[in-house]
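Have a look at the structure below, then the notes.
The values are calculated or read from the model by the stated rules, or taken from the named source; none is laboratory data. Since this is a predicted model, take the numbers as computed values, not measurements. Backbone-built Cβ (ideal geometry, glycine too); neighbour counts: all protein chains shown.
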Amino acid sequence: MSTIGARRLTVVQMVPAMNTGGAERSTLEIGRALVEAGHRSIVISAGGTWVPTLLAEGSEHIVFAIGEKSLFSVFRLFALRRLLVSIRPDVIHARSRMPAWMARIVRPTIWPRPAFVTTVHGLNSVNRYSEVMTRGDRVIVVSELTMRHVRRHYPRAESARLRLIPRGVDPSQFPACYEPDSAWKALFAAEFPQLIGRRILTLPGRGSRLKGHVDAIGLLASLRERGVDAALLLLGVLENDRGHYVQEIKDLAQASDVAEYVAYSPARDDVRDIYASSDAILQLSHRPESFGRVVTEALHMNRPVIGYDHGGVGELLRAAFPAGLVALRDAESLATVVGQVLAGDHPIDRSAIPTLEQMQRLTLSVYAELTNPAPAP
């Protein structure tokens, strides 16, 4: 891991809250890398479920409301300035729009002035409010899709300031050769008996119409009509406020004559075991996603992923597993491709999968660019 030059740096990451999400996970991962490299890592957020992990890994956390879109945020600027003056950061790294606006406003009043880094984690609406994410001294984008989005809609974001750094998988957490233990298998079989002894297809995704649950039900029906003894696990679809939507999916499964082959689950922590027990992972989001973390994790475990050819998911599959690409919402092709993947041996190019270490090293190198003055000629 890079040491970011010879001196110890103080890096402040700003994110609305430290709950589950791509920006929050990246905050945690970069905090860990900074601590391991001997630097001071501070996160400013409203708090969240990942704060204990953040603290256990050596970062500091300061509770501060920086994500609320209200007039009260103006009054918080004075308190934020006092806080940052007391910290004296070398780098401020904003990962969301409101924190970026607040940091951008107070930064000119802080001396010595810290470097300002932003990360564009997703495809936000195109407007002045979102433009702040492209105004950093360095602007990190997480995929080619995100890079194209920034270049197309924000021409003032010069190429010299843009850095493409994909999110990466931790090989130690998602190893290529992994087998769940017998105790877990027994619990899994008891919880989901409709999956056992069949080809398991897993679709990770929250309870949203955009995640492709309807497509997955249609796929299952088509595969079974073709003689494939498949079952489907909808991982993460059960949420407290999505009961009506889940009932729609169950009604569709019943009408499609596949209800007895579909299992439903809330989000859970044993995704590694579930990936290892699945014959294929589905990524059927109707909206292009900036990056496909599920794709990297599953592919790194040598589990085939079948997904629509758009956004970050398409980018990753083209590089590492082109056999899993399907045209957006092409139901016939989807069933054909899944059938072919289940029936054949399609190699996965694991060397094309971005890793966590690469993401951490490249991000720390961005901090180094801004804090290590170039030597005199």
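Can you give me the number of residues within the stretch 98-120 that are touching a strand residue (DSSP E or B) at 6+ places or on another chain (Cβ under 9 Å) and not aliphatic (A, V, I, L, M)?
Adding up the residues that qualify gives 8.
So which of Gly22, Gly47, Gly67, Gly31 is of a type outside the set (A, V, I, L, M) and at positive phi?
Of Gly22, Gly47, Gly67, Gly31, the one residue that is of a type outside the set (A, V, I, L, M) and at positive phi is Gly47.
Just to check your reading of the model, which residue among Val295, Val326 is crowded, with 23+ Cβ neighbours inside 10 Å, closer than 16 Å to Gly168 by Cβ, in the same structural domain as Asp251 (by TED's automatic domain parsing) and without any contact (Cβ under 8 Å) to a residue 40 or more places away in the chain?
Result: Val295 is the single residue among Val295, Val326 that is crowded, with 23+ Cβ neighbours inside 10 Å, closer than 16 Å to Gly168 by Cβ, in the same structural domain as Asp251 (by TED's automatic domain parsing) and without any contact (Cβ under 8 Å) to a residue 40 or more places away in the chain.
Ser278 is checked against (1) crowded, with 17+ Cβ neighbours inside 10 Å; (2) out of contact with any helix residue (DSSP H, G or I) (no Cβ under 6 Å at 6 or more places or on another chain); (3) modelled with pLDDT under 95 and fails just one. What number does that condition carry?
Unmet condition: (3).
Among the residues of the stretch 135-149, count how many are of a type in the set (Asp, Glu) and part of a helix (DSSP H, G or I).
Number satisfying all stated conditions: 1.
So which residues in the stretch 246-275 are buried (at least 16 other Cβ atoms within 10 Å of the Cβ), closer than 17 Å to Gly212 by Cβ and of a type in the set (A, V, I, L, M, F, W, C)?
Hits for the stretch 246-275 are Val246, Ile249, Leu252, Ala253, Val258, Val262, Ala263.
Restrict the check to the stretch 362-370 and report whether at least one residue is surrounded by fewer than 20 Cβ atoms within 10 Å (Cβ to Cβ) and either free of Cβ contacts under 8 Å to residues at least 24 places away in the same chain or in contact with a helix residue (DSSP H, G or I) (Cβ under 9 Å, 6 or more places away or on another chain) (or both).
no
For a quick check of your reading of the model, give me the residue pairs whose first member lies in the stretch 127-149 and is under 19 Å from Gly311 (Cβ atoms), whose second is acidic (Asp, Glu) and not in a strand (DSSP E or B), with beta-carbon atoms closer than 7 Å and at least 6 apart or on different chains.
Qualifying pairs under 7 Å: Ser143/Glu315; Glu144/Glu315; Leu145/Glu315.
So, of the residues in the stretch 326-360 that are touching a Phe, Trp or Tyr at 6+ places or on another chain (Cβ under 8 Å) and hydrophobic (A, V, I, L, M, F, W, C), which turns out to be farthest from Glu225 (Cα to Cα)?
Ile348
Among the residues of the stretch 206-218, write down those that are farther than 17 Å from Glu332 by Cβ, buried (at least 21 other Cβ atoms within 10 Å of the Cβ) and not charged (D, E, K, R).
Selection gives Gly207, His213.
When you check Ser290 against the structure, is it under 30 Å from Pro89 (Cβ atoms) and either of a type in the set (Phe, Trp, Tyr) or within 20 Å of the chain's Cα centre (by Cα) (or both), yes or no?
Yes; evaluated as a whole, the condition is true for this residue.
Per-residue answers, yes or no, for (1) in contact with a Ser or Thr (Cβ under 8 Å, 6 or more places away or on another chain); (2) assigned to a loop (DSSP other than H, G, I, E, B); (3) outside the structural domain of Leu316 (by TED's automatic domain parsing):
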{"residue": "Gly218", "(1), (2), (3)": "yes, no, no"}
{"residue": "Leu223", "(1), (2), (3)": "no, no, no"}
{"residue": "Glu239", "(1), (2), (3)": "no, yes, no"}
{"residue": "Ala267", "(1), (2), (3)": "yes, yes, no"}
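Would you mind telling me which numbered condition in (1) in contact with a Phe, Trp or Tyr (Cβ under 7 Å, 6 or more places away or on another chain); (2) in a helix (DSSP H, G or I) Val295 fails?
Going through (1) in contact with a Phe, Trp or Tyr (Cβ under 7 Å, 6 or more places away or on another chain); (2) in a helix (DSSP H, G or I) one by one, Val295 breaks only (1).
Yes or no, residue by residue, for (1) farther than 19 Å from Met133 by Cα; (2) at pLDDT 95 or above; (3) within 21 Å of the chain's Cα centre (by Cα); (4) not hydrophobic (A, V, I, L, M, F, W, C):
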{"site": "Val43", "(1), (2), (3), (4)": "no, yes, yes, no"}
{"site": "Gly47", "(1), (2), (3), (4)": "yes, yes, yes, yes"}
{"site": "Val51", "(1), (2), (3), (4)": "yes, yes, yes, no"}
{"site": "Leu54", "(1), (2), (3), (4)": "yes, yes, yes, no"}
{"site": "His61", "(1), (2), (3), (4)": "yes, yes, no, yes"}
{"site": "Phe75", "(1), (2), (3), (4)": "yes, no, no, no"}
{"site": "Ala79", "(1), (2), (3), (4)": "yes, no, no, no"}
{"site": "Val85", "(1), (2), (3), (4)": "yes, yes, no, no"}
{"site": "His93", "(1), (2), (3), (4)": "no, yes, yes, yes"}
